[in-house]
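Novice: If you scroll down you'll find the structure; I have some questions about it.
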Amino acid sequence: MSDIKKWDEVNGVDEDPGHLAAFLESATDSYAILQLRHTDDTLYERFESYSSLQWQGKEPDIDHYEVVYHGDLPKAPNTPETVMAQLEALYVQFNTAHPDDFRGHSLSVSDIVALKVGGVVSCHYVDSIGFKELEDFALRENYLKNAEMAMEDDYNSIDGIINNGRKDEPETERHSVLDALKALSGAEQPERRPPQKQAGRDER
C-alpha cells in the first residue's frame, strides 16, 4: 500500500491524489476509505447519522470528502452477503487493528467506504446502525479533475487522464480514470439491493 502523509487534526489529511486513481484502476478487488475534510462546510456533518444529515436537508457530498486510504480486498463473489461481510471486516480492522501507515481517525459514522468488487464500484455510508449504500453518490468528474490537477505534468492537459505527459513527449494512448469510473459506475453495473445490517451498533 502506498504511503500517505501525516494526519493533521485541524486541517485533515494532506491528501495523496494517487489514492483515488489507484483504487479505481486496481486490477483486483479493492476498497477506499473516505473521511470528511476538516473545514467549516463539514462542521455539522462530521459523525452525523444519515438520518441526521437528511434532517439538515443534505446528502453526502463528495466535495466534502477526501480519500485517506485504499487497499486490496480478498477475492470474493459480488453478493450482498459478501459486501456486508467485507464492510464489517473493514469496520473492525479500522477500529481495532489499523494498518501501520493509516493516519485517519478510526472508522466512524459519516465516513464512507468505497468498494470495488468484481469490477463494480459501490459507496457505503457508515451509519449509526450498519451501512447505508449511496446509490447517487459518485466520485464525480470535478473530484477527478482536482486529483488530476495535483498530478499533471502539463497544466494545459486537464482532460480526465491522470498525468498524460508533457506536450513535447510523443502521444501515446493512455487510460482515462474518468472513463474507467463511468464504465464501473454506469448503467452497465448489475442491479444489486443495498446490504442491510440487522444487528445494532452504538453511534460513535
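The values are calculated or read from the model by the stated rules, or taken from the named source; none is laboratory data. Predicted model, so just to flag it, every value in this text is computed and none were measured. Every residue, glycine among them, receives a Cβ derived from its backbone with ideal geometry; neighbour counts consider all protein chains shown. SASA here: full protein model, heavy atoms, side chains in, ligands and nucleic acids out. Shrake-Rupley method; radii C 1.70, N 1.55, O 1.52, S 1.80 Å.
Novice: Any idea what the relative contact order of segment 61-133 is, in percent, if you count C-alpha pairs under 8 Å spaced at least 6 apart?
Specialist: 23
Novice: Taking 0.36 nm per intervening residue step and subtracting the Cα-Cα distance, what contour gain separates Ala27 from Glu59 on full extension?
Specialist: Residue separation times 0.36 nm, minus the Cα-Cα distance, leaves 8.5 nm.
Novice: Leaving ligands, DNA and RNA out of it, rank His38, His19 by accessible area with a 1.4 Å probe, largest first.
Specialist: Numbers: His38 50, His19 5 Å².
Largest accessible area first, the residues go His38, His19.
Novice: Moving to a separate point now. Give, in nm to one decimal, the length gained when the segment between Glu81 and Thr39 is fully stretched (0.36 nm per residue of separation minus the Cα-Cα distance).
Specialist: Extending this stretch completely gives an extra 11.6 nm.
Novice: Where does each of Thr96, Thr79, Thr28, Thr42 land when they are ordered by accessible area, with a 1.4 Å probe and the largest first?
Specialist: Order by accessible area, largest first: Thr96, Thr28, Thr79, Thr42.
Novice: Just the accessible area for Glu133, please: 1.4 Å probe, Å², rounded to the nearest 10?
Specialist: Here the residue's solvent-accessible area equals roughly 20 Å².
Novice: Another one. Within segment 15-83, which chymotrypsin sites (Phe, Trp or Tyr not before Pro) sit in a loop by DSSP and count at most 16 neighbouring Cβ atoms inside 10 Å?
Specialist: Working: sites: Phe23, Tyr31, Tyr44, Phe47, Tyr50, Trp55, Tyr65, Tyr69; in loops: Tyr44, Phe47.
Counting only loop positions with at most 16 other Cβ atoms within 10 Å, the chymotrypsin sites (Phe, Trp or Tyr not before Pro) in segment 15-83 are Tyr44, Phe47.
Novice: Counting only the heavy atoms of the protein chains, how much of Arg37 is accessible to a 1.4 Å probe, in Å² to the nearest 10?
Specialist: 60
Novice: Enumerate the amide H contacts of Leu134 below 5 Å, restricted to partners 5 or more residues apart or on another chain; note that Pro and chain-start residues carry no placed amide H.
Specialist: Here the answer is Cys123, His124, Tyr125, since their amide H atoms fall under 5 Å of that of Leu134.
Novice: Something else: What accessible surface, in Å², does a 1.4 Å probe find on Val92, ignoring ligands, DNA and RNA and rounding to the nearest 10?
Specialist: 80
Novice: May I ask you to rank Asp61, Asp41, Asp29 by accessible area, largest first, using a 1.4 Å probe over the protein chains only?
Specialist: From most accessible down to least: Asp41, Asp61, Asp29.
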